[in-house]
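Here is the structure we will look at, set down as structure tokens.
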Amino acid sequence: MEWPFVIGQRYNRRKDLHERFGGSRQNGMISMPRVRALALITGEGGKLAGYMDRELPDGSWRYTGEGPSGDMQMVRQNRTLRDHVANGVDVLLFEKDGSTPFLIYRGQFVCPSWDVEDQRGADGLMRKAFVFNLVPLGHDGEDPIQIAVRDATDFAGLRVRAYAAAAPALQKTAGGPATVYQRSADVRAYVMARAAGVCEACAAPAPFETATGAPYLEAHHIDRLSDGGPDDPRRVAGICPNCHKRAHFGSDRVAFNATLRARTVDREKALG
């Protein structure tokens, strides 16, 4: 789903989040099953309740799980966050804007791994807490179009790396932010090379070239975070901006994505 939030902008929790997408108005981890999403709330006030979240210099987060006192259990929203990749649940991070009713949107994230830490709970006692590693989705440090252009002569190598990236990664030892960045970059670079400047949905040429002279297409995640990894070449298509909007907002988006999914799978089968 293409979320109507802009990173760094403020939103009213009740009006912009709950009234539109549902979910509990009290919890800091908000499950929104109707739209297959999990909204995470962080802020300085959470430390008083036993939640020791922190942002790292590379833009990733260490996010403390649900449960103010006692050893945390891998149930409810903790389990939802742990398994979100396999279950196709989007993870959105918001930061409280002081004591106001507003939240600052920090972006969409992927949770590749988690740890157990000794933390002090809201009751003042030490307990075992789950700390989830959150990586900004798509933050790979290099434009996938540029990667595809640079490595165009090594299409077979791009494909091998893309499928290696799509291998199941939902493990405690799945790796840190750099690993997830590279997985995402490898898949998207391969998809751009596969499309070769032609929209994989409407078959029209890319509408324009980038400043580096590369044809501009966008990577569309047909089934979002599925198949055990943040990306999968059988579920990602290189399409033009117009088709990308249609895939998310068109009245025929369900049928459109079904057709695109089948076409992408068939194309991958043909490539062997």
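Descriptive notes on the structure:
Okay, residues lined up against (1) in contact with a strand residue (DSSP E or B) (Cβ under 6 Å, 6 or more places away or on another chain); (2) open to solvent by less than 50 Å² (accessible area, probe 1.4 Å); (3) without any contact (Cβ under 8 Å) to a residue 12 or more places away in the chain; (4) within 30 Å of Asp118 (Cβ to Cβ):
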{"site": "Trp3", "(1), (2), (3), (4)": "no, yes, no, no"}
{"site": "Val6", "(1), (2), (3), (4)": "no, no, no, no"}
{"site": "Val35", "(1), (2), (3), (4)": "no, yes, no, no"}
{"site": "Ser60", "(1), (2), (3), (4)": "yes, yes, no, yes"}
{"site": "Gly65", "(1), (2), (3), (4)": "yes, yes, no, yes"}
{"site": "Arg79", "(1), (2), (3), (4)": "no, no, yes, yes"}
{"site": "His84", "(1), (2), (3), (4)": "yes, yes, no, yes"}
{"site": "Leu93", "(1), (2), (3), (4)": "yes, yes, no, yes"}
{"site": "Phe102", "(1), (2), (3), (4)": "yes, no, no, no"}
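- For segment 57-99, the tally of residues that are of a type in the set (S, T, N, Q), more than 28 Å from Asp123 (Cβ to Cβ) and modelled with pLDDT of 85 or more stands at 1.
- Considering residues of segment 195-214 that are open to solvent by 40 Å² or more (accessible area, probe 1.4 Å) and β-branched (Val, Ile, Thr) only, the residue nearest to Asp90 (Cα to Cα): Val198
- Residue satisfying all of: in segment 215-272; hydrophobic (A, V, I, L, M, F, W, C) and open to solvent by 70 Å² or more (accessible area, probe 1.4 Å); modelled with the lowest pLDDT among these: Phe249
- Members of segment 57-89 found to be among the acidic types (Asp, Glu) and touching a Lys or Arg at 6+ places or on another chain (Cβ under 9 Å), listed by number: Glu66, Asp71
- Against the conditions (1) under 30 Å from Asn257 (Cα atoms); (2) open to solvent by less than 40 Å² (accessible area, probe 1.4 Å); (3) touching a residue at least 40 places away in the same chain (Cβ under 8 Å), Ile41 satisfies every one except (1).
- Check on Val116, surrounded by fewer than 16 Cβ atoms within 10 Å (Cβ to Cβ) and either in a strand (DSSP E or B) or of a type in the set (S, T, N, Q) (or both): yes
- For segment 149-194, a residue qualifies if it is among the basic types (Lys, Arg), modelled with pLDDT under 80 and over 15 Å from the mean Cα position of the chain (by Cα), and the qualifying residues are Arg150, Lys172.
The values are calculated or read from the model by the stated rules, or taken from the named source; none is laboratory data. Keep in mind the model is a prediction, meaning the values are calculated, not measured. Positions of Cβ are backbone-derived with ideal geometry, glycine not excepted, and every protein chain shown enters the neighbour counts. What goes into the accessible areas is simple: the full protein's heavy atoms, side chains included, and nothing from ligands, DNA or RNA. Shrake-Rupley method; radii C 1.70, N 1.55, O 1.52, S 1.80 Å.
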